[in-house]
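The values are calculated or read from the model by the stated rules, or taken from the named source; none is laboratory data. Because the structure is predicted, anything quoted here is derived from the model rather than measured. Every residue, glycine among them, receives a Cβ derived from its backbone with ideal geometry; neighbour counts consider all protein chains shown.
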Amino acid sequence: MNSLFRSMLVWLLISSGAALFWPVEWFGFDPFVAPGWWLWVLITLTMFCLGTLVRPHELGPLKSKPWWVLLGVVTQLVAMPLAAWVVTKLIPMDPELATGVILVGCVPGAMASNVLTHTAGGSVVYSVSLTTVATLLSPFSVPFVLSLFALKTSPSQINPLETSLLLFGTVVLPAMVGFFLAWLNEQLDRWASRWSSLTASVCLLWIIASVVAGNRETLVSVGPVLVIALLLVNLNGYAAGYLVGVGFRLPSEFQRALTLEVGMQNAGLGTALATTLYGAGTLATIPTAVYTFGCMLTGTVLAVVWRGMSDGPVAGEDQAGTNVPPGDMMGD
């Protein structure tokens, strides 16, 4: 198991546990509660840091196999929202909670899939390309898909244009700026190699902890039903990615990358978006926070199993000529 990713799981447990059981009455203040606008600051900083870690050669499949990239992105955009919607129909739950589950399926893929693809012996360059394209499309895809599937949502709560501008300004633009600045500035590139991963990780942990702190009273009571629902969404995503990869006869390393990319979602972005759309204290914010830990756990297990089945060198290293940068561990 990748040590960096394993440590992320540990710190996720520690920070979320501290947020859940923080004795406010003892200290008189709560360091984990943050306003909605601050969560978007954290998302913007996260995406900027991740943008500084993307290297031009990692986008090779966009030129060499563009239809493979299109296939993967379409699979994610169709399979995940549909799986989330079906699960909310099959498992009785609070309408607000169901809205949060559907939001999990609507956000783009997580950067965590990139490092897990490396661990699994999959194609890292394909994984990075899928994540990049899905993120660039998110200002258009998320509002559209969410408006099709979301439950108990009035038109005033989801304005496609406002949501698109919000996602572009806080997700796509910071990532692009980070990418180009690191590409053009060697000093920033050196700084990013050392600190971007840590900064992005802290931001993601802070986002999740804030949501946990804002839902202390309800988090435990909705746990079992929510965990089952999110696990089904996660497993259906893995299954869809794998079956599409096999059905279109992609090479095995591309099948693994597609499987992990479809099943893992940028739940950090989803958490901030849920807080903005529905309010920090609503049940709709909980599923995205819980999914962060869940998909990291299942994805790690799947990657380790696949790595044990691999006989040769890691596919991502052969194709990209380098290891995955540490910052690509993010979900977020």
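Here residue 124 fulfils each of the conditions (1) surrounded by fewer than 24 Cβ atoms within 10 Å (Cβ to Cβ); (2) closer than 23 Å to residue 56 by Cβ apart from (1).
Taking helices (runs of 4 or more DSSP H) as the structural unit, those lying wholly within the stretch 221-288 and holding at least 3 residues that are closer than 27 Å to residue 96 by Cα and at pLDDT 90 or above correspond to 223-247, 252-263. The residue pairs whose first member lies in the stretch 283-311 and is touching a residue at least 12 places away in the same chain (Cβ under 8 Å), whose second member is acidic (Asp, Glu) and in a loop (DSSP other than H, G, I, E, B), and whose beta carbons are closer than 9 Å, counting only pairs six or more residues apart or on different chains, are 283/94; 292/332. When the residues of the stretch 149-176 are filtered to those that are at pLDDT 75 or above and either loosely packed, with under 15 Cβ neighbours inside 10 Å or among the charged types (D, E, K, R) (or both), the one that is farthest from the chain's Cα centre (by Cα) is 165.
Of all the criteria given as (1) modelled with pLDDT under 80; (2) touching a Leu at 6+ places or on another chain (Cβ under 6 Å), the one not satisfied by residue 107 is (1). Mind checking which helices (runs of 4 or more DSSP H) fall wholly inside the stretch 1-81 and carry at least 3 residues that are at pLDDT below 75 and touching a helix residue (DSSP H, G or I) at 6+ places or on another chain (Cβ under 9 Å)? The qualifying helices (runs of 4 or more DSSP H) are 3-21.
Residues checked against (1) hydroxyl-bearing (Ser, Thr, Tyr); (2) crowded, with 20+ Cβ neighbours inside 10 Å:
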| residue | (1), (2) |
| --- | --- |
| 233 | no, yes |
| 236 | no, yes |
| 246 | no, no |
| 251 | no, no |
| 255 | no, yes |
| 259 | yes, yes |
| 262 | no, yes |
| 266 | no, yes |
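Of all residues in the stretch 178-200, which are at pLDDT below 85 and not in a helix (DSSP H, G or I)? Passing the criteria: none in range.
When restricted to residues that are among the acidic types (Asp, Glu) and either surrounded by 24 or more Cβ atoms within 10 Å (Cβ to Cβ) or more than 26 Å from residue 234 (Cα to Cα) (or both), the stretch 40-96 contains 1.
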